[in-house]
1. Within region 68-82, can one find any residue that is in contact with a Ser or Thr (Cβ under 6 Å, 6 or more places away or on another chain) and among the aromatic types (Phe, Trp, Tyr)?
2. Given (1) free of Cβ contacts under 8 Å to residues at least 24 places away in the same chain; (2) crowded, with 20+ Cβ neighbours inside 10 Å, identify the lone condition not met by residue 43.
3. For region 91-102, indicate whether the set of residues that are modelled with pLDDT under 90, surrounded by fewer than 23 Cβ atoms within 10 Å (Cβ to Cβ) and aliphatic (A, V, I, L, M) is non-empty.
4. Tell me, which residue of region 114-123 that is within 15 Å of the chain's Cα centre (by Cα) and among the hydrophobic types (A, V, I, L, M, F, W, C) is surrounded by the most Cβ atoms within 10 Å (Cβ to Cβ)?
5. Any residue at all in region 65-87 that's under 22 Å from residue 146 (Cβ atoms), at pLDDT 95 or above and open to solvent by 30 Å² or more (accessible area, probe 1.4 Å)?
6. Could you list, ordered by first residue, the pairs with Cβ atoms under 6 Å in which the first is in region 1-13 and closer than 15 Å to residue 36 by Cβ and the second is among the basic types (Lys, Arg) and assigned to a helix (DSSP H, G or I), at least 6 apart or interchain?
7. Return only the number of the condition from (1) surrounded by 19 or more Cβ atoms within 10 Å (Cβ to Cβ); (2) closer than 18 Å to residue 116 by Cβ that residue 7 does not satisfy.
Amino acid sequence: VLDVAAGCFIQAISARPADTEAVAHALQSILAAGAYDRIADVAGSSQLAAADLEGMVDKAVEAQRIDPGSAAQRLLSVWSAYAGGRYEETVAMSSPAVRGGGDMRYYIPMALAFVRLGFPELASREFDRAIRNPDIPDDVRLALKYHAGVIQLGQGNVEQAAQLLREVREASPGFREVDELIAACEKQGSRIA
């Protein structure tokens with residue numbers, strides 16, 4: 001339910017991008033649900049200054065009483081850097097975990113930072129590599145496919161986006177706004193045809 005709550009708050013942010021209260025509630029729900037990749041949705045929807053958003057992420061982490069030095073806290077430091085617009089630092093902090101075969105969740109902030117840095121092809125390649133990893137947990141694979149589909153759609157690769165998003169829907173019906181994204185793929189595909 002917490003992930004659904006986060007989705008509702010993210011929709012509220014889309015309607016009122018400068019609403020700090022909605023951002024704070026979204027971040028609290030995201031952290032409580034452990035769906036850290038949704039911080040990217042908050043960053044994409046909010047019109048707050050990057051430094052303010054980063055401060056709000058840090059404040060939400062403190063409020064959740066996440067153990068300093070824990071795996072969750074280290075991953076959230078990466079997401080905080082991403083929210084703050086420090087994309088090079090996001091990549092630098094994520095890369096050792098990704099290359100060392102560590103926590104696969106680091107692929108998401110790293111690849112999304114590549115998109116923000118103007119390298120969507122590199123992001124797609126990293127997502128593809130992560131998705132094919134046999135050791136990746138199902139929940140992380142689902143989030144990777146979702147974000148990879150969004151990136152492919154943004155690049156105009158409608159068929160690849162639709163395939164990834166359909167796989168997400170098949171594995172988890174009702175996952176986030178995957179149905180709306182699939183509809184966008186179909187609409188864009190018919191325009192191309």
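1. So in region 68-82, the residues in contact with a Ser or Thr (Cβ under 6 Å, 6 or more places away or on another chain) come out as 78, 81-82.
Narrowing the set further to residues that are among the aromatic types (Phe, Trp, Tyr) leaves 82.
Yes: one or more hits.
2. It fails just one condition, (1).
3. First, the residues of region 91-102 that are modelled with pLDDT under 90: 97-102.
Next, only the ones that are surrounded by fewer than 23 Cβ atoms within 10 Å (Cβ to Cβ) stay: 97-102.
Restricting the remaining residues to those that are aliphatic (A, V, I, L, M) gives 97-98.
Within region 91-102, one or more residues are modelled with pLDDT under 90, surrounded by fewer than 23 Cβ atoms within 10 Å (Cβ to Cβ) and aliphatic (A, V, I, L, M).
4. Applying the first criterion (within 15 Å of the chain's Cα centre (by Cα)) to region 114-123 yields 114-116, 120, 123.
Then keep just the ones that are among the hydrophobic types (A, V, I, L, M, F, W, C); that gives 114-115, 123.
Values: 114: 23, 115: 20, 123: 25.
Top of the filtered list is 123.
5. yes
6. Close Cβ pairs satisfying both conditions: 6/38.
7. Single failed check for residue 7: (2).
Quick grid of which residues meet (1) open to solvent by 70 Å² or more (accessible area, probe 1.4 Å); (2) acidic (Asp, Glu); (3) in contact (Cβ under 8 Å) with a residue 60 or more places away in the chain:
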site: 125; (1), (2), (3): yes, no, no
site: 136; (1), (2), (3): no, no, no
site: 147; (1), (2), (3): no, no, yes
site: 164; (1), (2), (3): no, no, no
site: 171; (1), (2), (3): yes, no, no
site: 177; (1), (2), (3): no, yes, yes
site: 180; (1), (2), (3): yes, yes, no
site: 184; (1), (2), (3): no, no, no
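The values are calculated or read from the model by the stated rules, or taken from the named source; none is laboratory data. Just so it is clear, the structure is predicted and the values come from calculations on it, not from any experiment. Quick reminder, even Gly has a Cβ in these numbers, built from the backbone with ideal geometry, and neighbours come from all protein chains shown. Note: accessible area is taken over every heavy atom of the protein model, side chains too, but ligands, DNA and RNA are not part of it. Shrake-Rupley method; radii C 1.70, N 1.55, O 1.52, S 1.80 Å.
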